[in-house]
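Undergrad: For reference, the structure I am asking about is given below.
Bear in mind these aren't lab numbers, they're just calculated from the coordinates by the rules spelled out. Values in this document were obtained by computation on a predicted structure and should not be read as measured data. Ideal geometry is used to build each Cβ from the backbone, glycine not excepted, and the neighbour counts take in all protein chains shown.
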Amino acid sequence: MKKPEKIKGSYGKPFYNQNIGENIRILRIRNFIKQQDLSSVLGISRQMLSHYENNKYLVPEEIVKKIIIHFNIELSDLLQKF
């Protein structure tokens, strides 16, 4: 059973989308970036990035913003399936 897609829009609220964690991982790998390096850019631990990539934790809006800026993509690109 698939998890429902749900996005909270107010600042500081986590984003939930079943594609977001996988898309973060895909972006990182396609750009030849190690988890440690991306986590440093985002200001989080490597373990937390791993949790986000594996959809164990919801990704806070602040981190989503940093990801879309770092990879120069639109939010809609991050939320859709790659």
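Undergrad: Quick one: which residues, 5+ away or cross-chain, put their amide H under 5 Å from the amide H of Val59? H built at 1.01 Å from N.
TA: Under 5 Å from the amide H of Val59: Phe15.
Undergrad: Rank by packing, highest mean first: peptides 47-56, 29-38, with packing defined as the count of other Cβ atoms within 10 Å averaged across residues.
TA: The most tightly packed comes first, giving 47-56, 29-38.
Undergrad: How are the alpha carbon pair distances in the stretch 29-82 distributed across 10 Å bins from zero to the largest one, expressed in percent?
TA: Histogramming the stretch 29-82 at 10 Å steps yields 23, 63, 15 percent.
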